[in-house]
Amino acid sequence: MPARKKAKSRRRPETPFRHDRKGRALQEIGATIVAGGKGSSVVEEIAELVQRTCKYRWVGVYKIKRNDFVIEAATNKMKPACPRFPVKQGLSAKALEERRTVMVPDVRKEPCFLPNFWSTKSEVVVPIIDDEHDRVLGVINVESAKVNAFDKSDRDFLEGVARIIWRALR
C-alpha cells in the first residue's frame with residue numbers, strides 16, 4: 001500500500017497584531033494620521049489610546065524642541081517630574097543617540113534613569129523617527145510601577161506606534 005501524502009496546511013502565516021487589540025489600535029492610529037491628524041491634541045489622543053490598549057500606567061510623548069525633550073502628551077492626568085529636559089539626559093538620550101528602543105526591566109539598576117515618578121520600576125523609551133528626513137523627532141516613554149513589566153510584544157507595539165505617530169509631530 002503506497003504511503004499517503006500529508007495534506008499541506010492552508011493556514012495563512014500569522015501577521016503580528018492582525019486581530020488583537022494592539023492591531024486594532026495601530027489601525028485606528030494609522031487612520032487618524034491618514035485623515036490628516038496633526039498637532040498636540042492628536043498626539044494626546046494617540047497616547048491615551050496606547051495607554052488604554054495595554055493598560056499602561058503612564059504614557060508620555062516627548063518632542064524635541066531646541067535641544068530639549070518637551071512633553072507633548074501625557075496620560076492619566078499624571079504630571080511628570082521632568083516635562084522638559086536636555087536631549088543629553090536620561091534613557092531618552094540613549095534612545096535618541098542609538099536610534100533604537102531602550103527597555104529597562106529595573107530602573108534602579110540603570111545609572112542614566114531620569115525619574116518622572118518616584119514609583120517607576122521599569123520603562124520603555126522608543127524613538128520617533130521622521131522617515132522622510134531621517135531624524136529623531138521625539139520619544140514615546142512608557143513607565144510601570146512593576147519590575148519587568150514590558151516584553152517583546154510591548155516593544156513591537158510601541159515601535160509600530162512610533163512608525164506612525166511621527167507624522168502628527170511635524
Practice task
Identify all residues within region 113-145 that are open to solvent by 30 Å² or more (accessible area, probe 1.4 Å) and more than 13 Å from the chain's Cα centre (by Cα); write none if there are none.
Solution key: Phe113, Leu114, Pro115, Trp118, Lys121, Asp131, Glu132, His133, Asp134, Arg135, Ala145
Completion exercise
Counting only residues that are under 24 Å from Trp166 (Cβ atoms), assigned to a loop (DSSP other than H, G, I, E, B) and without any contact (Cβ under 8 Å) to a residue 24 or more places away in the chain, region 113-140 contains a total of 3
Practice task
Among the residues of region 46-64, write down those that are more than 9 Å from Ala168 (Cβ to Cβ) and part of a helix (DSSP H, G or I).
Solution key: Ala47, Glu48, Leu49, Val50, Gln51, Arg52, Thr53, Cys54
Exercise for the section: Would you mind finding the one in Arg108, Arg155 that is in a helix (DSSP H, G or I), surrounded by fewer than 19 Cβ atoms within 10 Å (Cβ to Cβ) and without any contact (Cβ under 8 Å) to a residue 24 or more places away in the chain? Expected result: Arg108
Practice task
Restricting attention to region 59-99, report how many residues are in contact with a helix residue (DSSP H, G or I) (Cβ under 9 Å, 6 or more places away or on another chain) and surrounded by 15 or more Cβ atoms within 10 Å (Cβ to Cβ).
Solution key: 15
Exercise for the section: Considering only region 84-115, state which residues are more than 13 Å from Pro127 (Cα to Cα) and among the basic types (Lys, Arg). Expected result: Arg84, Lys88, Arg108, Lys109
Practice task
Tell me which of these Asn148 doesn't satisfy, since it passes every other one: (1) open to solvent by less than 40 Å² (accessible area, probe 1.4 Å); (2) under 17 Å from Lys55 (Cβ atoms); (3) in contact with a Lys or Arg (Cβ under 9 Å, 6 or more places away or on another chain).
Solution key: (1)
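The values are calculated or read from the model by the stated rules, or taken from the named source; none is laboratory data. Owing to the predicted nature of the structure, the values given are computational and were not obtained by experimental measurement. With ideal geometry, Cβ positions are generated from the backbone for all residues, glycine too; neighbour counts draw on all protein chains shown. Keep in mind that these areas ignore ligands, DNA and RNA; they rest on the heavy atoms of the full protein, side chains included. Shrake-Rupley method; radii C 1.70, N 1.55, O 1.52, S 1.80 Å.
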